[in-house]
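The values are calculated or read from the model by the stated rules, or taken from the named source; none is laboratory data. A quick note: this is a predicted structure, and the numbers were derived from the prediction, not measured. Cβ placement follows ideal geometry from the backbone for every residue including glycine, while neighbour counts extend to all protein chains displayed. Ligands, DNA and RNA are excluded from the accessible area calculation, which covers all protein heavy atoms including side chains. Shrake-Rupley method; radii C 1.70, N 1.55, O 1.52, S 1.80 Å.
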Amino acid sequence: MRPVRTIGVVAPGRPEVLDDTDAEPGPGQVWVDTEFSGVSAGTEVALVRGTDPHHRLHWDADLRSFGDGPTAGYPVRTLGYMEVGRVTESRSPGLAEGTRVATAHGHRTGCCADPSVRPVVPVPDDLDPLLGVYLAQMGPICVNGLLHATAQFAGPGGGVGDGVRDRHVLVTGAGVIGLLSALLAVRHGAADVVVAEPSARRRSVAGSLGLATVDDDGGAWEAVKLRWRHAPGDAGADVVLQCRGHDAALATGLKALRPQGVVVDLGFYQAGAETVRLGEEFHHNGLSVVCAQISRVPRGMAGAWPRTALADVTLDLLRERGDDVRRHLVTDVVPFEDGPALLADLAGRRLPSPPLQAVLRF
C-alpha cells in the first residue's frame, strides 16, 4: 500500500484532510498523481451535511431499495469524482508514463487506477488541463441526459443528438450540469434552447454563454409556452432537461412541456417532491419523466455507449467551447489543503457568492 492524503468527512459538518492508503499498481494498472479535482456542490455537500439518503436510510444493494436498517456511517474517506492527473508509473501498455489523464478517484493526492475497472481518459495536449475535470464523469452525466432523450424519441439505435435535434429544449437549472447540458443541446442541433434559473447571477452566466434564459420564479413555464406555440392546444417544450435538485424545478418542467413531452431528470433530490402534482399536467397532457443516472445509459444502448464514448462527446464540446467554459463556469481554483474549509462553508451556506465550479489545485 502507498500513503496518500484525501479529503473526507469525519462527522456531519466536519470535512478534513485525512491520511489514507492506496494499492501499488499491478499488471494493467497505473499510478496517477492528481493535479486538479473538481468539487460537486450537490453530491459532496449532501455527504458533508449527512442529508444524502445513504446516511438517512438503509440501502439494500440486492433489492436496490431504501428502508429501515443500518445506514452508511462516518468517516467518509473520499469525496469527489472529477480528477485530472499525470501517470507517473505505468504497468498498462496503453498509458505511457507522463500521460495526463482524467479519472473519477476523488480528492486524493494520488491513486492506483485500473482502466478495466473505471475509465481512465487521456487528456489531449490541445485541451486546457483544468478542463479535464469534466471528461471522466461530469461531462458524461450531461451526455447521458441527451442519450435518455434520444431513447424516448428515437429508440436505442439513435445518436446522441436525436432526442434534441430540431426540438425545443428547456433546461431547468443553470448550475454546471444545466449549463453543460444546454451547450450540448445547442451543439447537437436543438431548434431552440432556454435555461430557466431563479438566480440572476447564474442567468447572467448562461447569457454570457449565448444561452436564452428565463427567471424560474414560478412563471417560467408560461413564458416557455408562450415562446413555443405549435398549434391550438399544443404549446411548450418537447423535452426538459431537469438539472436542479429541487422539486420546484421538476414542477416547472412538467408545466412547461407540450402534450406527450418528456422530462429527462438529472437532478439529485434529497427531500420529497411536495410541489409536484401528478394529477395535473402530468396526467392531463400524457407526460413522461425519466431518470438519467450516470450509473447506466438507456436500456439497449450500453454496448454503443461505454463511458469513454460519453467522454468523447464531452471532449468535442470542450474543444469547441472550452475557452467559454473555463472563463464563465470555473469560478474558483483553490489549494487542495483549503478544500475542507470550502466544503464546510458550502454546507453551512456561509458564502455570500457560492462558486459555480470550484476546482482544487494539487
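May I ask you to say which residue of Asp62, Asp19 is acidic (Asp, Glu), assigned to a loop (DSSP other than H, G, I, E, B), open to solvent by 40 Å² or more (accessible area, probe 1.4 Å) and without any contact (Cβ under 8 Å) to a residue 60 or more places away in the chain? Even if it seems obvious, please write down each step before you answer.
Values: Asp19 fails: assigned to a loop (DSSP other than H, G, I, E, B).
Testing whether each residue is acidic (Asp, Glu), assigned to a loop (DSSP other than H, G, I, E, B), open to solvent by 40 Å² or more (accessible area, probe 1.4 Å) and without any contact (Cβ under 8 Å) to a residue 60 or more places away in the chain leaves just Asp62.
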Subject >> Of all residues in the range 45-59 being out of contact with any helix residue (DSSP H, G or I) (no Cβ under 6 Å at 6 or more places or on another chain) and under 25 Å from Phe362 (Cβ atoms), the one that is most open to solvent (accessible area, probe 1.4 Å) >> reply: Leu47
Original post:
Is one or more of the residues making up the range 348-356 touching a helix residue (DSSP H, G or I) at 6+ places or on another chain (Cβ under 7 Å) and not in a loop (DSSP other than H, G, I, E, B)?
Top reply: no
Original post:
Do we find a residue being open to solvent by 70 Å² or more (accessible area, probe 1.4 Å), outside any loop (DSSP other than H, G, I, E, B) and at pLDDT 95 or above anywhere in the range 256-263?
Top reply: yes
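Report yes if some residue within the range 271-286 is at positive phi, loosely packed, with under 13 Cβ neighbours inside 10 Å and over 19 Å from the mean Cα position of the chain (by Cα); otherwise report no.
In the first step, residues of the range 271-286 are kept if they are at positive phi; the result is 286.
Within this subset, residues satisfying the condition of being loosely packed, with under 13 Cβ neighbours inside 10 Å are 286.
Filter again for over 19 Å from the mean Cα position of the chain (by Cα), leaving 286.
For the range 271-286, residues at positive phi, loosely packed, with under 13 Cβ neighbours inside 10 Å and over 19 Å from the mean Cα position of the chain (by Cα): present.
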Subject >> Which numbered condition Ala41 misses (of (1) surrounded by 15 or more Cβ atoms within 10 Å (Cβ to Cβ); (2) part of a strand (DSSP E or B)) >> reply: (2)
Original post:
Does Ala223 satisfy the criteria of being in a loop (DSSP other than H, G, I, E, B), hydrophobic (A, V, I, L, M, F, W, C) and either more than 17 Å from Leu310 (Cα to Cα) or open to solvent by 40 Å² or more (accessible area, probe 1.4 Å) (or both)?
Top reply: no
Original post:
Within the range 177-189, how many residues are crowded, with 24+ Cβ neighbours inside 10 Å and either touching a residue at least 60 places away in the same chain (Cβ under 8 Å) or farther than 19 Å from Ala220 by Cα (or both)?
Top reply: 8
